[in-house]
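Here the structure comes first, spelled out in structure tokens, and everything after it is commentary.
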Amino acid sequence: MITIESLSKKYGARTVVDDISFTARPGRVTGFLGPNGAGKSTSMRMMVGLTRPTSGDVTISGRRFTDLPNPGLEVGVMLDASAQHAGRTGREILTLAQQMMGLSARRVPETLELVSLTETESNRRVGSYSLGMRQRLGIAVALIGGPSVLILDEPANGLDPAGIRWMRDLLRDYANDGGTVLLSSHLLHEIEVIADDIVMIGKGRIVAQGSKTELLRTAGTVVRARNMNALERALHESGLVTTSMQDGALRADADPTVVGLVARESGLALTELRTADGGLEDMFLQLTAHTQREGKAA
Amino acid sequence: MTTIVLDRGLEQHAAVHHVPLSRVTRVELRKMFDTRSGFWLMASIVIAALLSTVATILFAPDAELTYYTFAKAIGFPMTVILPMIAVLSITGEWSQRSGLTTFTLVPRRNRVILAKVIASVTVGVASMLFALVTGVVGNLVGTAIAGADLVWDVSFAHGVNIVLGSLLCLLTGTMLGVLFRSSPVALVAYFVYSLLLPTVSGLLASNQERFRDLRPWVDLNYAQSALFEGSLTGEQWAHVAVAATTWVVLPALVGLRRVMKSEVK
């Protein structure tokens, strides 16, 4: 379990991480979502003691990271897969981690197999690795100590679709076995497919957090009926706020159940009733629109 | 497969001990050899020692074919290579960014730095012993070829002093690495320190009466050179101690403080 309490980081007058608090729970994959420059990496560096917080606390299973006697056995960390000496082979980098943690030498080939790096690949120097191979090696370094917590910064970066699928399955199994996974991404879709809980951050602040199902629910309901005017009137009379969508449907700020009941009371036949998708996406796009220099999200 | 990984983790939670310094040191020592550049840097010690020996046999006048001549010829390249090894061992963590992994596996950064110092000194001592032994072989072979008399003009104490002098060069490299955390800056700083400063200091000493008396206390290169020449008087030891504290120990402590507080990106 990772507990983050009122964590802040200031560089002079600039606040990069602004009073964030959340918990990443065992058995769940927590997605740390935000546009580039939102403060994700700085937050993660603070979690593992590489950056000193200006204020606030991070504990991992009740202890500060820097107080862990042999952190590699408890927390697997991958912050930047490219941050390795280009002149070492992948196997050598993994061996250094294995020796530092005091693990048996057999863990090296086992872990290489787990991340699907072949014998030949592992004996090549990391300088010649593709980003995807570096990510696999980084995951291997994080996993070799058999930790119960994983902290991964943009782990899917540079992976091909099959690699992303592999990573998703790996982390899913890991969480199902009781592990805690915190991973960051600047891509909403990536987080949506893998995370159980989502923490969305923009300009150093948490703008939304909760389970994925909760967050999707806040997106409202898309509803359509044969008689749209009557539907709109009925919803307004029940005190619901609606907005018209481009395709003619209505979006109501309520659960599909509530909207359905209102329609039945008014004797209206519905042609469409569903949870509005892209609630997260809208939120995320708003966030990126504010934070991106282009002023408009891609 | 993931199940295996997790199970291992649970086993180890029960008895987790601090990563012992000996283990960190062993890993740091391994890191000095396991890249192509690191390997050749180490190999250059052997190559330089052999080349200097051959050059001494070929070019030194017969009368000067003594052990000291060999020791000096082989010792000089060591005072260049050893500090480079010490610098790169420290700065690689920042220049190559491997510190991101190293300092998450061992968050107590002073332990990592201490392990690196021990590893560098180990390499330094081994290199100097190798150099001194190569000198012995060189002296035997050289005098045999030239038909000159064998002269062993380096006492055991002198030999120890030569090793100490070289280690001081190496530790200067460590200090610069810790202080600057950047390979090019620290390497340039070392050459400014070892090649440029002695000239400036010498000029000052020959023009300024007052500096001449002060020089052995403030000029580490100067104070240190006595170590290579033979046995030292009590005052000369004091010179070395004062100059080394000022130029190696204090800046290293300042650097260490910055290493502890700095952000590893």
*Tell me the label-point distance for the pair B:Ala126, A:Arg224, using the 7 Å Cα-to-Cβ offset, in nm and rounded to one decimal.*
7.5 nm
_On C-alpha positions alone, give me the angle between the axis of helix B:250-261 and the longest principal axis of chain B, in degrees, nearest 10._
20 degrees
*For region A:75-174, state which trypsin sites (Lys or Arg not before Pro) are in a DSSP loop and have at most 12 other beta carbons lying within 10 Å of their beta carbon.*
A:Arg106
*Residues in region A:233-250, backbone N under 17 Å from the label point at A:Val258 (7 Å along the Cα-to-beta-carbon vector): list them, ranges by number please.*
A:233-244, A:250
*For B:His17 and B:Val200 in the same chain, what is the full-extension length gain: residue separation times 0.36 nm, less their Cα-Cα distance, in nm?*
60.7 nm
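Based on the alpha-carbon gyration tensor of chain A and its eigenvalue square roots a ≥ b ≥ c, which shape applies: rounded if a/c is under 1.5, prolate if not and a/b is larger than b/c, or oblate? Please report the intermediate quantities before stating the final value.
Details: a/c = 2.45, a/b = 2.04, b/c = 1.20.
Since a/c reaches 1.5 and a/b is larger than b/c, the shape of chain A is classed as prolate.
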*Averaging sequence separations of C-alpha pairs under 8 Å and six or more residues apart, then dividing by the length of region A:2-210, give the relative contact order as a whole percent.*
33 percent
*Interchain or long-range residues, amide H under 5 Å from A:Arg205's placed H*: A:Asp18
_Relative contact order for chain B, counting Cα pairs under 8 Å that sit 6 or more residues apart, in percent_ = 23 percent
*asked:* Under a crude label model (7 Å from the Cα following the beta-carbon direction), how far is B:Val188 from B:Leu164 in nanometres?
replied: 3.5 nm
*What is the Cα convex hull volume of region B:39-146 when expressed per residue in Å³?*
87 Å³
_Calculate the FRET efficiency for A:Ala289 and B:Thr245 from the Cβ-Cβ distance with a Förster distance of 56 Å, rounded to the nearest 0.05._
0.45
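Given 4 °C and 1.567 mPa s, compute D for the protein assembly as shown with the Stokes-Einstein relation, Rh being the Kirkwood radius over Cα pairs; round to the nearest whole µm²/s. Don't jump to the answer; show the numbers that get you there.
Numbers: Rh = 27.7 Å.
For the chosen part, D equals 47 µm²/s.
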*Over all residues in A:42-53, what is the mean tally of Cβ atoms on other chains that come within 10 Å of each residue's Cβ?*
3
_Between helix B:156-180 and chain B: long-axis angle, C-alpha atoms, 0 to 90°, nearest 10_ = 50 degrees
*Dipole of region A:2-210, Cα-centred, from +1 at each Lys and Arg C-beta and -1 at each Asp and Glu C-beta, to the nearest 20 debye?*
560 debye
*Which whole-Hz ³J(HN,Hα) couplings does region A:154-170 yield from phi under the Karplus relation 6.51 cos²θ - 1.76 cosθ + 1.60, θ = phi - 60°, glycine and proline marked x?*
6, x, 8, 3, x, 7, 7, x, 5, x, 5, 4, 4, 4, 4, 5, 4
_In nm, spacing of pseudo-spin labels at B:Arg257 and B:Gln236 (7 Å Cα→C-beta vector)_ = 3.5 nm
*May I have the extent of the alpha carbons of region A:220-276 along their three principal axes, as whole Å values ordered from largest to smallest?*
25, 20, 16
*Computed P(r) (all Cα pairs; chain B; 10 Å bins; percent)*: 7, 25, 29, 22, 10, 4, 2, 0
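None of the figures in this text is laboratory data; all of them are computed from the coordinates on show. Bear in mind the structure is a predicted one, so any value in this text is a computation, not a measurement. For neighbour counting, all protein chains shown are included, and Cβ atoms are generated from backbone atoms with ideal geometry for every residue, glycine included.
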